[in-house]
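To start, the structure under review is shown below, and the notes come after it.
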Amino acid sequence: MPTSAGGAAPATGNNTAGRAAVTFLLCAIYFSGTMALTGVLTHIVDVLRPGGSGPLLGPLLNLVLLVAGLLAIARMRVPELRPLSALGLVRRPSATREAGLGAAVGWAIAVALVLPGVLLLRMRSSLSLDGFHLGAATASILALLLFVLARQLVLCGLPFQALSRATSPTFATIAFACVAALLTSYTAGADGAEAIVASMAQVVFCLAAARTRAIWLGGALQFVWGLCITELFGLPSFLWPPATSLVRSGMQGPRWLTGDGFGPEATLWAVPIVILSAIAVWRLTRDYAWYYTFDPITGAGYPMDVAPPPEHTRMEQASQAAPLIQIGGIGSHPGSPASSAGDTEPRI
């Protein structure tokens, strides 16, 4: 690689992109290892404990391992940011407003998904207020919160931001949408149509992360969406972990109309609703994109401070060291003998 006269390398973005790519690879390897380790540990607990590991042990163990590992990677690979900020948990004044905006969008998505079944009288619900359902509902809400945090940290946090810097936000969004489809197929046994809906939902979450460079808006959107579907309306859904709610609901009819036990996300109108939600997130985050994603233009190329030739430097030094020579002799002063002798002008 050619260098300038001073021996400096060109100031390009190749080093930054390469470093971000390595960071993404480390996160991907660690996430794969964490999933395998969590499964093994949960299986061991299920074998040793007669009652099983419970609904919270697996998500909690997975989240703890993810946070610990991603924090270590952030400290090593992204030293210019605080570790929590690198993970997407950015402390800033607008965090509460972003979370509120995401919660509103998540609520709107859930209502839009359920409303057609309600209007067509396809939905039936029942209410259970006993202690068992109350405790199970509380555990389900906590499990959903852990699930959303883990998904946001992995699919919208440091790995997503690293791949965005290494390639582009568009490429990273498409890549993580494919990852979300594979994870949904693996964990929930989703078919092709459900995997497409899962990938489109991940596009919405990645769009929120790319526009705000944090997980507040996308995390609140994802949590409230799942909370309304599984707990408030009491419907099953392939996008969210199995839950027990105080409200138990079901829809009767063909799959394109009711979801056929897979939840309202498996209906025909789920696709346009998710597309409209992506457009809404794009428009609602214009101010955040301006404040948080604006990157100033920096110069790239070789330094242009070329050293002068040695001969030119030597001539400058010689001219500065040479004494000044006064032409015309020493000037006369009034009252001196030379001034009196040479003064031939008449005085008035």
Stokes-Einstein translational diffusion, segment 15-125 - Kirkwood Rh over all Cα pairs, 1.306 mPa s, 10 °C, in µm²/s: 89
Two-decimal Rg/Rh across segment 58-112, once Rg and the Kirkwood Rh are taken from alpha-carbon atoms: 1.13
Output the direction-averaged projected area (hull surface divided by four) of the convex hull of the alpha-carbon atoms of segment 132-196, in nm². 5.3
Can you put Arg255, Arg165 in order of accessible area, largest first, using a 1.4 Å probe? Arg165, Arg255
Just to make sure I understand: if all protein chains stay in place, what is the order of Tyr30, Tyr186, Tyr288 by accessible area at 1.4 Å, largest first? Tyr186, Tyr30, Tyr288
With every protein chain present, what accessible area does His43 have (1.4 Å probe, heavy atoms only), rounded to the nearest 10 Å²? 120
Kirkwood Rh over alpha-carbon pairs of segment 210-290 plugged into Stokes-Einstein at 20 °C, 1.002 mPa s gives a D in µm²/s of 152
Can you compute the radius of gyration and Dmax for segment 86-150, using only the Cα atoms, both in Å? 16.6, 47
Full-stretch length increase - Arg19, Thr167 - with 0.36 nm per residue and alpha-carbon distance subtracted: 52.1 nm
Once Glu316, Glu194 are ranked on solvent-accessible area with the largest value leading and a 1.4 Å probe, the list reads Glu316, Glu194
Select from segment 60-105 those trypsin sites (Lys or Arg not before Pro) which occupy a DSSP coil region and have at most 11 other Cβ atoms within 10 Å, ordered by residue number. Arg91
Fraction in percent of alpha-carbon pairs per bin - 5 Å, segment 72-229: 2, 9, 14, 18, 20, 16, 10, 6, 3, 2, 1, 0
Given the protein chains as shown and a 1.4 Å probe, how many square angstrom of Thr187 are accessible, to the nearest 10? 90
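The values are calculated or read from the model by the stated rules, or taken from the named source; none is laboratory data. Just so you know, these numbers come straight off a predicted model, no measurement behind them. Cβ atoms come from the backbone with ideal geometry, glycine included; neighbour counts cover every protein chain shown. Just the protein is used for accessible areas: all its heavy atoms, side chains included, with ligands, DNA and RNA removed. Shrake-Rupley method; radii C 1.70, N 1.55, O 1.52, S 1.80 Å.
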